[in-house]
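The values are calculated or read from the model by the stated rules, or taken from the named source; none is laboratory data. Predicted model only: the values in this text are computed from it and were never measured. Cβ coordinates were reconstructed from backbone atoms using ideal geometry, including for glycine residues, and neighbour counts include every protein chain displayed. Side chains are part of the model used for accessible areas, which takes the heavy atoms of the whole protein and leaves out ligands, DNA and RNA. Shrake-Rupley method; radii C 1.70, N 1.55, O 1.52, S 1.80 Å.
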Amino acid sequence: MDLSILTYFVAIADEMSFSSAAEDLFLSQSSLSKRIKKFEQELGVELFIREPHRLSLTPAGKSLLPFARRIAMELDAIRNYVDGNSNEKIMRLRIAAFSLLSAYGVDKFISNFILSHSDIDISVTEMSSDQCLDALISNMVDCCFAYDFGQYADDAYTSIPLKSERLVALVADDSPLAGSRGITLEQLQDYRIYVPSSYNEPLFKQLLEENMRSYQFRTEELGIWLSSLHPFLARTPGSISVLPERVATHYGISSVPILDAKPFTLSLVFRSDSVLPAFPILMNELEPFFEEFWKLQD
């Protein structure tokens with residue numbers, strides 16, 4: 001398969017017009033139509049619903065689009081990378097990250113990546129999860145390491161999962177829940193739930209609210225370090241806190257799985273229309289690093 005066909009497919013899907021896409025691609029409309037028809041025959045599915053005055057994607061076309069867009073982006077990035085090297089240009093990569101990434105080894109990965117790639121001008125900015133999304137929208141950063149619980153479902157973003165996560169309830173060592181196999185969302189209503197301050201990191205409260213829309217629960221925000229949660233819970237009977245499981249483990253806090261909480265992921269997120277030469281390099285090194293990291297941790 002000629003991978004450039006994916007670029008053609010994306011162009012047609014964006015324009016919803018063979019003639020407009022052909023013009024953008026400097027191809028004749030008939031040539032473009034023939035190539036797409038051949039591509040559909042190779043796949044064994046139709047990608048477009050062709051009507052006299054309307055073009056739309058079939059379900060198969062909608063499913064293929066995000067994958068095609070990502071591959072097309074990487075093809076452009078490779079071309080730009082080759083052009084950039086031939087012109088001795090330095091690549092740029094602006095990364096946003098939130099403060100808890102040390103629990104996932106991301107701080108180590110970024111440090112190693114910076115040391116290994118002097119040809120890339122890399123900047124890292126620490127910000128909250130909400131700020132990461134705003135920074136992507138405003139083009140202040142090129143990508144971010146963030147939790148993804150569905151807020152990046154829009155086609156405007158590409159979210160590559162690095163680690164699956166779940167919420168856990170943090171309890172004191174002498175709590176009746178300590179050591180239990182799990183707690184349900186409904187049972188959480190019996191406790192006062194303390195969450196880290198949403199001023200610095202709104203994510204935990206958002207995740208809790210996402211999960212508990214159908215329940216009545218009492219929350220109170222705490223302006224304390226996560227490492228101080230354990231002694232606080234020990235001094236406050238009938239209280240719990242909620243964090244992602246890996247973060248609780250990192251801080252050595254006793255935790256109980258919330259059995260029916262929705263799973264989410266730690267992901268690398270970027271705008272789907274971003275084309276940077278450094279992206280393929282970053283993603284090529286992410287997979288083996290995290291594969292080895294999770295093997296060691298698990």
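Conditions tested, residue by residue: (1) free of Cβ contacts under 8 Å to residues at least 40 places away in the same chain; (2) closer than 21 Å to I258 by Cα.
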| residue | (1), (2) |
| --- | --- |
| F113 | no, no |
| D119 | yes, no |
| A135 | yes, no |
| F145 | no, no |
| D155 | no, no |
| S164 | no, yes |
| A169 | no, yes |
| R181 | no, yes |
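Scanning region 103-135 for residues that are open to solvent by less than 60 Å² (accessible area, probe 1.4 Å) and closer than 24 Å to E209 by Cα yields a count of 8. Does S254 satisfy the condition of being surrounded by fewer than 21 Cβ atoms within 10 Å (Cβ to Cβ), in contact with an Asp or Glu (Cβ under 6 Å, 6 or more places away or on another chain) and either within 24 Å of F149 (Cα to Cα) or modelled with pLDDT under 85 (or both)? Taking the combined requirement at face value, the residue satisfies it. If you filter region 1-48 down to residues that are part of a loop (DSSP other than H, G, I, E, B) and in contact with a helix residue (DSSP H, G or I) (Cβ under 7 Å, 6 or more places away or on another chain), you find that the one that is least open to solvent (accessible area, probe 1.4 Å) is L47.
Whether any residue in region 202-214 is within 30 Å of D154 (Cα to Cα), small (G, A, S), touching a Gly at 6+ places or on another chain (Cβ under 7 Å) and at pLDDT below 80 is what I want to check.
No, because not a single residue in region 202-214 is within 30 Å of D154 (Cα to Cα), small (G, A, S), touching a Gly at 6+ places or on another chain (Cβ under 7 Å) and at pLDDT below 80.
With respect to (1) open to solvent by 40 Å² or more (accessible area, probe 1.4 Å); (2) farther than 22 Å from S227 by Cβ; (3) in contact with a Leu (Cβ under 9 Å, 6 or more places away or on another chain); (4) not β-branched (V, I, T), the lone exception for S159 is condition (1). For region 106-123, the candidate set comprises residues that are out of contact with any Leu (no Cβ under 9 Å at 6 or more places or on another chain) and either within 28 Å of L207 (Cα to Cα) or hydrophobic (A, V, I, L, M, F, W, C) (or both); within that set, the residue that is modelled with the lowest pLDDT is K108. Looking across R54, R94, R79, one residue alone is of a type in the set (D, E, K, R) and modelled with pLDDT of 90 or more. It is R94. So for region 229-237 (the condition being β-branched (V, I, T), crowded, with 16+ Cβ neighbours inside 10 Å and either at pLDDT 80 or above or more than 23 Å from V106 (Cα to Cα) (or both)), does at least one residue qualify? No, that holds for no residue.
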